[in-house]
Structures are given as structure tokens and as C-alpha cells.
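> First the structure, then my questions, so here it is.
The values are calculated or read from the model by the stated rules, or taken from the named source; none is laboratory data. Note that the coordinates shown come from a computational prediction; the quantities given were computed from them, not determined experimentally. Every residue, glycine as well, gets a Cβ built from its backbone with ideal geometry; the counts of neighbours run over all protein chains shown. With ligands, DNA and RNA removed, areas are computed over all heavy atoms of the protein, side chains included. Shrake-Rupley method; radii C 1.70, N 1.55, O 1.52, S 1.80 Å.
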Amino acid sequence: GFMEATQMKEHVGAIYDGTKIRCPVIGPDGSSLPLDEMQRRLHHEYVHVVVRHIAHDGVPWWFNEGIAVALTLDLSDKDRDYLRQARDRGALFDLSDLVEGQLTRLDKDQLFLAYRQSHATVCYLKDRFGTRRLAQYLREIADGTEAETASKRVFRQSYKTLQLETADYIGK
């Protein structure tokens, strides 16, 4: 009943709607989801709860999803390969395009890329600057600073520089 209750498509693993976290207990094949997978999904969604609590609705989608994934999964070699291929064919997104309202235009494959790119971007930030700077970025946004301006203040990187640094981070 997860898809019926949430009106989400089958590729959505769980959702935080601003008031509740909803997570399926049955997988697409009809069997129960493994406990560790349900815990990972719930942890991911709980990160969204914390982000919203700290910075309300001003957090860009790329950071909100990227931090939720980065705190629940490592960036795998498979993800890096996928992102390198996307980078080499010029398919990576501008971070300014990875905001809530613009994502409704993306198909399933584009959304998959957007999640992986967001994950890699936050992993780069976490590895280079540490989790304290990630928290500082959220506080800047909570104080009303526009997201890219907060990035310039906290990380000393415009979105363009951050995109270039992330492209290097995923490797050659």
C-alpha cells in the first residue's frame, strides 16, 4: 500500500512529507524488505527531518538529498564509474538546476543521475571540509542566506567551482 498511500512511483524507497516518514515494508517483488534496508531508508528520511528542522525549506534539493545519502551510504566505485561516464558525455547537472521545483521535469534516469551527483557533491564537501562545515552551511541557510552565497561563505566555492571540484573528486 506504500505507492497507493503516497501516490509515489515504485522507484521511491521512502518519503518524508514534512510531517511523517513513510517507508514500505514490502518490496516490489512482494517479499518483506530486509531489516537493514528498512533501517537505511528510515535513517535517510530522518536526515531530511533534521535538515528541515535546522534550515526549514531553504535547503537546495541537491544538498538535502546528497547529505541524506552521504550519511547512509558510501559513494561506491560503481557510482563513481556512472558519474564519470555522465561527466564525460556532458550530462551532469548544474547545481542551480537541482532544486525542488525543477526536478518534476526529470524522468527516472535523470533523477537517478541527480541523486548520484548530489551524493558525490556532498561526499566531496564532507571529505574536504568535514561535517562541521556541512552543519555551518545549514545554519547559514537557516539564517536566510541564499544557498550559493552560503556555499561561497562556508566552502569558499561558487556552484561552478563546486561542480568542477566534484567532477575531479569522482576521478579520471
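> For the chain, what is the charge dipole size about the Cα centre, in debye to the nearest 20, if Lys and Arg each add +1 at the Cβ and Asp and Glu each add -1 at the Cβ?
520 debye
> Quick one: P(r) of segment 103-172 from all Cα-Cα pairs, 10 Å bins, percents rounded to integers, in order of increasing distance.
P(r) for segment 103-172, in whole percents per bin: 20, 45, 31, 4.
> Cross-link candidates for Lys20: which lysines have Cα within less than 29 Å, leaving aside residues fewer than 8 places away along the same chain?
Lys9, Lys108, Lys126
> Per DSSP H run of n ≥ 4, the term is -39500 (n - 2.57); total these for the chain, divide by its residue number, and report the mean residue ellipticity at 222 nm rounded to 500 deg cm²/dmol. If you can, show how the numbers build up before the last one.
Details: 8 runs with 102 residues, N = 172.
Counting only the DSSP helices, I get -18500 deg cm²/dmol.
> Relative contact order for the chain using alpha-carbon pairs under 8 Å, separation at least 6, rounded to a whole percent?
Contact order relative to length: 22 percent.
> Over all alpha-carbon pairs in segment 25-96, figure out the percentage whose distance exceeds 17 Å.
60 percent
> Give, as a single signed number, the net charge of other residues whose beta carbon lies under 13 Å from the beta carbon of His119, with Lys and Arg counted +1 and Asp and Glu -1. Provide the component values of the computation, followed by the final result.
On the way: positive: Lys78, Arg80, Arg116, Lys126; negative: Glu65, Asp74, Asp79, Asp127.
With Lys, Arg at +1 and Asp, Glu at -1, the neighbours total 0.
> Another one. What value does segment 59-159 have for Rg/Rh, both radii from Cα atoms and Rh as Kirkwood defines it?
For segment 59-159, the value is 0.95.
> Per residue, how much accessible area does the chain have with a 1.4 Å probe, in Å²?
Value for the chain: 58 Å² per residue.
> Positive end of the dipole of the chain, charges at C-beta (+1 Lys, Arg; -1 Asp, Glu), about the Cα centre: which of Ser158, Ala142, Trp62 has its Cα farthest in that direction?
Result: Ser158, furthest along the dipole toward the positive end.
> Could you calculate, for the chain, the ratio of the Cα radius of gyration to the Kirkwood radius, expressed as Rg to Rh? Walk me through the intermediate numbers first.
Details: Rg = 16.1 Å, Rh = 16.8 Å.
Answer for the chain: 0.96.
> Another one. Using the beta-carbon distance between Asp94 and Val25 and R0 = 45 Å, what value does 1/(1 + (r/R0)^6) give for FRET efficiency, to the nearest 0.05?
0.75
> With a cut-off of 8 Å between alpha carbons and a minimum separation of six or more residues, what is the relative contact order of segment 121-172 in percent?
37 percent
> Still on this model: Quantify, in whole percent, the carbon and sulfur part of the accessible surface of the chain (1.4 Å probe; protein heavy atoms only).
With neighbouring chains kept in place, the figure for the chain is 48 percent.
> At 1.4 Å probe size, put Arg105, Arg84, Arg22 in order of accessible surface, largest to smallest. Spell out each step's value before the answer.
Values: Arg105 175, Arg84 50, Arg22 85 Å².
Listed by decreasing accessible area, they come as Arg105, Arg22, Arg84.
> How far is helix 159-169 tilted, in degrees, relative to the longest principal axis of the Cα atoms in the chain, given as a value from 0 to 90 rounded to the nearest 10?
That helix lies at roughly 70 degrees to the long axis.
> Give me the net charge for the shell around Lys172: Cβ to Cβ below 12 angstrom, other residues only, Lys and Arg +1, Asp and Glu -1.
0
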